[in-house]
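Peer 1: Please see the structure below; I have some questions.
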Amino acid sequence: MDLRRGRRRIAAPIALFVGLVLVAVACGGGGDGGGGGGGERAACPEPDPNKDTLSLFLIPSPSAEAIKSFIPEFEQETGIKVSVEEVEYGSAHQKQLLSYQQQEGKYDVAQFDNTFLAPFGYNKVMMPLDGCLAESEEYDINDFSKGQQDYGKYEGVTYGLTLSTEPMLQWYRTDIYEKLGLEPATTWEEYYDNAKAVEDSGLGDGQIVGFGPNVSWWWMTLVWSFGGQLYDENLEPQVTSPEAVEATEYLKSLLEVAPAGAISATGDDVTNKFLSQDVGAMIQYSGYYGIASDPANTDFVGKFALTRMPSGGTDITHLAGWNIGIPADSQNQGNAWRFLEFVLGKSNAKEFLKRGAAAIGRISITTDPELLKEQPYLELLTIPDTSRIERYPQLVVWPEMDKAIVDNIQNILSGQIGVEEGLEQLNEQLAGILANEPR
């Protein structure tokens, strides 16, 4: 099954992207010294009636498909002709950065992963949007909770609108749990016990998370949930802490109650296995819900439910998702904002979801009775004030840091190195990487 998530991590492109970022920094592209971003609270650019074309840069995903579906309506309403370039995830972000460095002005609207918000923000690749947000009743930034309003911000400046709201959640098979009298877990101990009960019953495999090339998603989640952190306020790595050790040992224990071959499971594989095999539960981002609820993709529609992720003592919500914004070198920024308002504004918010996009956590969406009846999980996108939001570290060096985490945690899970020794090795590598973070 092709889940079209487009979030696969590829080592060579990561190395290339980090190199490009460092070149941009060396050339003065970041910090206070320009980069074409303009004033942080500058007025929103006015649409230019003399420009009748608009260029979109999208990354294949359900949200990109939904965006494209609105193009004919926008063209009819405005007379502006919209073109689209789609680039696979593995090379998309470095292509965007290269285009900006060359000041091509090639793209007017660009989709990007939140993991790249910091490099883009530091290098002023994207236009600050706070002026537009302050003026736009149609977009209505106050229709988002404070934590969600901050999702597209780097150092207090908004460079990206939220294109999807994807907290990590607990998914479980209601039919299997009902047969065994199980309740969804509230703690990680309960999550393991539930999985063990499913395994012992013979009804299926206990649970699934991503142990393979995207393992950083789940490992970070556990470290935060167990009360640890990746680094402190001085950017000193902290992955040898007792909390990080406990989280890593727990992650390794989940292999005992996982399907065969799970040690190599990618992010997409996790959902694939949950939708195609008898697996009691999984921990996965909510963004897969649209695919998982389509009868064409699974025989288990109506047999699974979602709830909040278990807690390891610290109430955190791991939030992920796409961003979209306006490149700083666009020569058509006013019309670009007009397009973003049209597609992502409050008026079309419900329709955007109905056209297959991953949900955006607007309050008006997560509390809408009609939508909640169709998709009950939407209420989980309203993150409680008691839960601390964590997301991919907003660091310029994050792509390189991510690769180091994946390599070392996979070695630990495969038994090539012990937990404590492996985390000490990772801590040392992260120290060298974090030393390159611009300060």
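What follows is calculated from the coordinates using simple rules that are stated; it is not laboratory data. Note that the structure is a prediction, hence the values are computed from the model and not measured. When we count neighbours, we look across all protein chains shown, and the Cβ atoms used for this are built from the backbone with ideal geometry, even at glycine.
Peer 1: Give me V84, V209 ranked fewest to most by other Cβ atoms within 10 Å of their Cβ, as a rough exposure proxy.
Peer 2: Neighbour counts put them in this order, fewest first: V84, V209.
Peer 1: Share of Cα-Cα pairs in the chain beyond 33 Å, in percent?
Peer 2: When all Cα pairs of the chain are counted, 34 percent exceed 33 Å.
Peer 1: Along the positive direction of the dipole of the chain (beta-carbon charges: Lys, Arg +1; Asp, Glu -1; about the Cα centre), which of N114, W337, P438 reaches farthest?
Peer 2: W337
Peer 1: Can you list the HN-Hα couplings for region 332-337, worked out from phi with the Karplus curve (6.51, -1.76, 1.60; θ = phi - 60°), rounded to whole Hz and with x for Gly and Pro?
Peer 2: 9, 5, x, 5, 4, 5
Peer 1: Taking H placed 1.01 Å from N in the peptide plane, check which residues at least 5 places from E86 or on another chain put their amide H under 5 Å from its amide H.
Peer 2: Excluding prolines and chain starts, which carry no amide H, the hits are L58.
Peer 1: Give me the Debye-computed log₁₀ of I(q)/I(0) at q = 0.20, 0.30, 0.32 Å⁻¹ for region 256-295, equal point scatterers on Cα only, no solvent, two decimals.
Peer 2: Taking Cα atoms of region 256-295 as identical point scatterers yields -0.59, -1.24, -1.35.
Peer 1: Between D193 and S414, what is 0.36 nm times their sequence separation minus the Cα-Cα distance? Round to one decimal in nm.
Peer 2: Once the chain is fully extended between D193 and S414, it gains 77.3 nm.
Peer 1: Provide C44, C132 in ascending order of the number of other Cβ atoms located within 10 Å of each residue's Cβ, fewest first.
Peer 2: Going from sparsest to densest Cβ surroundings: C44, C132.
Peer 1: Report the net charge of residues surrounding E137, where surrounding means a beta-carbon distance below 11 angstrom and charges are Lys +1, Arg +1, Asp -1, Glu -1.
Peer 2: So the environment of E137 carries a net charge of -4.
Peer 1: Let me ask something else. Treat the count of other C-beta atoms within 10 Å as a stand-in for reagent exposure and order F144, F274 from fewest to most.
Peer 2: F144, F274
Peer 1: Please give the contour-minus-distance gain from A435 to V84: 0.36 nm per residue of separation, less the Cα-Cα distance, rounded to one decimal in nm.
Peer 2: 122.5 nm is the gain from fully extending A435 to V84.
Peer 1: Using a Cα-Cα cut-off of under 23 Å, which lysines could be cross-linked to K373, ignoring same-chain neighbours fewer than 8 residues away?
Peer 2: K303, K346, K350, K354
Peer 1: Grab the beta carbon distance between A305 and E424, set R0 = 35 Å, and tell me the FRET efficiency rounded to 0.05.
Peer 2: 0.30
Peer 1: Once phi is turned into θ = phi - 60°, what whole-Hz ³J(HN,Hα) does the Karplus curve with 6.51, -1.76 and 1.60 give for every residue of region 307-322, x standing for Gly and Pro?
Peer 2: These are the phi-based 3J(HN,Hα) values: 8, 5, 5, x, 10, x, x, 10, 7, 10, 10, 7, 10, 9, x, 7 Hz.
Peer 1: Quick check on the chain: of the DSSP beta bridges with both residues there, what percent are antiparallel, nearest 5%?
Peer 2: 60
Peer 1: Next question. Based on Cβ point charges of +1 for Lys and Arg and -1 for Asp and Glu, what charge dipole magnitude is obtained for region 145-273 about its Cα centre, in debye rounded to the nearest 20?
Peer 2: Its charge dipole is roughly 360 debye.
Peer 1: Could you grab the Rg to Rh ratio for region 281-337? Cα atoms only, Kirkwood for Rh.
Peer 2: Answer for region 281-337: 1.19.
Peer 1: Enter the per residue convex hull volume of region 233-383, computed from alpha-carbon coordinates, in Å³ rounded to the nearest integer.
Peer 2: 191
Peer 1: For D175 and Q277, compute 0.36 nm times the residue count separating them, minus their Cα-Cα distance, and round to one decimal in nm.
Peer 2: Length gained, D175 through Q277: 35.4 nm.
Peer 1: Follow-up question, since we're still on this one. Above 24 Å lies some portion of the pair distances; for region 188-297, what is it as a whole percent of all C-alpha pairs?
Peer 2: Pairs farther apart than 24 Å: 28 percent.
Peer 1: Could you give the nm distance between label points at E351 and Q238, where each point is 7 Å from its Cα heading toward the beta carbon?
Peer 2: 4.7
Peer 1: Now a separate question. Taking +1 at the Cβ of each Lys and Arg and -1 at the Cβ of each Asp and Glu, which of L395, L380, P369 sits farthest along the dipole of region 348-398 towards its positive end, judged by Cα position relative to the Cα centre?
Peer 2: Farthest along the dipole direction, towards plus: L395.
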